[in-house]
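Reviewing the structure listed below.
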Amino acid sequence: MNIPLKVDAIIADPNTDAQIVILKDEQNLDLLSIWVGMAEGNAIRLALEGITSPRPLTHDLLKDFLHHLKVPLEKILIHSMNGGTYYASLHLVQTKIKKPKDTDTPEDNLPETLHEEPEEVTVDARPSDAIALALRMGVPIYATEEVLHKKGSENLDNWLEKLKPTDFGPFDA
């Protein structure tokens, strides 16, 4: 079963150049933390905050390609984890042209009723890219139950336990 998740926060790891994307389910019972690079974290943050770059970023370009090719992105799925690395997929809907066997009509000239064979296509993606694209396209983010049970939030808990108050910078009271 796939569990819907929302991006809850992006936290900078003060000990590295990494960003941590925090995903939570609707009931805030399950938490998935994924360490990503600085550029990937910024791409997700821009999409989350609705900030548009003056020039298209890679994820904007991919969004535009899918839009112009009329290939909808249905969802993204974080489907597995191996050795601390998460794996995701983009779930696209490709419409196949159903051409009668007895016609020599070019596909561009076929009636609309013949363009009706939707097929789901999955494309392997890094979770950070998949999340950045999902946020830009307004599609749901899912993780499998297996991933949520396998990961445990102990990675984040261990990281938080190692932090010192000075890692968060000065506080003005």
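The values are calculated or read from the model by the stated rules, or taken from the named source; none is laboratory data. Computed from a prediction, not measured in an experiment: that's the story for all the values here. In this analysis, Cβ positions are derived from the backbone assuming ideal geometry, glycine residues included, and neighbour counts consider all displayed protein chains.
Taken over the stretch 21-57, the criterion of being at pLDDT below 95 and touching a Gly at 6+ places or on another chain (Cβ under 9 Å) is satisfied by Trp35 alone.
For His67, indicate whether it is within 21 Å of Leu92 (Cα to Cα), within 16 Å of the chain's Cα centre (by Cα) and part of a helix (DSSP H, G or I).
Details: within 21 Å of Leu92 (Cα to Cα): yes; within 16 Å of the chain's Cα centre (by Cα): no; part of a helix (DSSP H, G or I): yes.
Considered against the rule, which asks whether it is within 21 Å of Leu92 (Cα to Cα), within 16 Å of the chain's Cα centre (by Cα) and part of a helix (DSSP H, G or I), His67 comes out as no.
Tell me, yes or no, whether the stretch 8-16 has at least one residue that is without any contact (Cβ under 8 Å) to a residue 24 or more places away in the chain and either under 23 Å from Gly138 (Cβ atoms) or touching a helix residue (DSSP H, G or I) at 6+ places or on another chain (Cβ under 6 Å) (or both). Can you show your working first?
We begin by selecting, within the stretch 8-16, every residue without any contact (Cβ under 8 Å) to a residue 24 or more places away in the chain; these are 8-9, 11, 16.
Narrowing the set further to residues that are either under 23 Å from Gly138 (Cβ atoms) or touching a helix residue (DSSP H, G or I) at 6+ places or on another chain (Cβ under 6 Å) (or both) leaves 8-9.
Yes; the residues of the stretch 8-16 include at least one that is without any contact (Cβ under 8 Å) to a residue 24 or more places away in the chain and either under 23 Å from Gly138 (Cβ atoms) or touching a helix residue (DSSP H, G or I) at 6+ places or on another chain (Cβ under 6 Å) (or both).
Of everything in the stretch 36-51 that is over 13 Å from Arg136 (Cα atoms) and touching a residue at least 60 places away in the same chain (Cβ under 8 Å), the residue that is surrounded by the most Cβ atoms within 10 Å (Cβ to Cβ) is Gly41.
Filtering the stretch 24-38 for residues that are under 16 Å from Arg126 (Cα atoms) and in a loop (DSSP other than H, G, I, E, B) leaves a non-empty set. Among the residues of the stretch 50-60, is there at least one that is closer than 20 Å to Ala88 by Cα, assigned to a helix (DSSP H, G or I) and of a type outside the set (S, T, N, Q)? Yes, because at least one residue in the stretch 50-60 is closer than 20 Å to Ala88 by Cα, assigned to a helix (DSSP H, G or I) and of a type outside the set (S, T, N, Q).
Conditions (1) at pLDDT 95 or above; (2) crowded, with 16+ Cβ neighbours inside 10 Å; (3) on the phi > 0 side of the Ramachandran plot; (4) not aromatic (Phe, Trp, Tyr), marked per residue:
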| site | (1), (2), (3), (4) |
| --- | --- |
| Ile76 | yes, yes, no, yes |
| Gly84 | no, no, yes, yes |
| Lys98 | no, no, no, yes |
| Pro118 | no, no, no, yes |
| Thr122 | yes, no, no, yes |
| Arg126 | yes, yes, no, yes |
| Pro140 | yes, no, no, yes |
| Glu154 | no, no, no, yes |
| Asp167 | no, no, no, yes |
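Which members of the stretch 44-86 meet the condition of being under 25 Å from Leu32 (Cα atoms) and touching a Pro at 6+ places or on another chain (Cβ under 7 Å)? Once the filter is applied, which keeps residues that are under 25 Å from Leu32 (Cα atoms) and touching a Pro at 6+ places or on another chain (Cβ under 7 Å), the stretch 44-86 yields Lys75, Ile78, Tyr86.
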